[in-house]
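Report on the structure given below.
The values are calculated or read from the model by the stated rules, or taken from the named source; none is laboratory data. Quick caveat, the model's predicted, so the values are computed rather than measured. Ideal geometry is used to build each Cβ from the backbone, glycine not excepted, and the neighbour counts take in all protein chains shown. For accessibility, only protein heavy atoms count, side chains too; no ligands or nucleic acids. Shrake-Rupley method; radii C 1.70, N 1.55, O 1.52, S 1.80 Å.
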Amino acid sequence: DLKNVTSIGADAFSGCTGLTNLDLKNVTSIGADAFSGCTGLTNLDLKNVTSIGADAFSGCTGLTSLDFKSVASIGNRAFSGCTGLTSLDFKSVASIGNRAFSGCTGLTSLDFKSVTSIGWKAFYGCAGLTAIDLKNVTKLGDSSFGGCTALKDVNLGSVSSLSKSVFENCRNIETIDFGKVSSM
């Protein structure tokens, strides 16, 4: 019962494979590796969480959905290898760290409502993604969507310049709307 807990520190539940459900309704901060490797977790209510540390949920293969109501930033590798995730809605997220969702092969849908910055290799190897709309994103890190082999449609929206290898090995891209891109 974490009803009165507002902050979860580094490595707090790392490797707790039997953990299946969490009530984080009062938690605002989750530290590095806090739940990494908790393969039994299936759902998370992150409605009051504002920051998620590096590797916080990496390898949580049982996670299927996430709700980012208040999260402003997602740390490096925070959800890397979460192969059970299918869709993400970044309601309040402004910044996505390096490799944050790399290897999330189950992802098929992303909504970048408030995201302005995406780190390098943030979605690297997300082989289930077929379309992305980067409507408000201004900064894309190197190889941010590299290895997204099913990717067909890309809208670059507000991206002003493309860094190297952003779409490397995305051999199925059919359409790209270059939006406001002024430099490649």
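In the elastic network of the chain, a GNM with C-alpha springs shorter than 10 Å, the most mobile of Phe101, Phe13, Phe35 is Phe13.
I need the Kirkwood Rh of the chain: take the reciprocal of the average 1/r across all distinct C-alpha pairs and report it in angstrom. Every distinct Cα pair counted, the radius reaches 16.2 Å.
Rounded to the nearest 10 square angstrom, Ser73 shows an accessible area of 50 square angstrom against a 1.4 Å probe.
Probing with 1.4 Å while keeping every protein chain in the model, the per residue accessible area of the chain equals 41 Å². Expressed as a whole percent, the accessible area of the chain that falls on carbon and sulfur atoms is 48 (1.4 Å probe).
The heavy atoms of Leu41 present about 0 square angstrom of accessible area, all protein chains included, probe 1.4 Å. For segment 112-184, taking the reciprocal of the average inverse distance between every pair of different Cα atoms yields a Kirkwood hydrodynamic radius of 11.7 Å. Restricting the calculation to alpha carbons of segment 1-103 gives Rg and Dmax of 11.8, 34 angstrom.
The charge dipole of segment 7-154, taken about its Cα centre with unit charges on the Cβ of Lys, Arg, Asp and Glu (plus for the first two, minus for the last two), comes to roughly 260 debye. Remark: segment 60-115 projects, on average over all directions, an area of 3.1 nm² (convex hull of Cα atoms). In a DSSP loop and with at most 11 other Cβ atoms within 10 Å, the trypsin sites (Lys or Arg not before Pro) in segment 107-174 are Lys164, Arg171.
Given Lys47/Lys121; Lys113/Lys139; Lys3/Lys69; Lys25/Lys121; Lys121/Lys152, which pairs have Cα atoms separated by over 20 Å? Exceeds cut-off: Lys47/Lys121; Lys25/Lys121.
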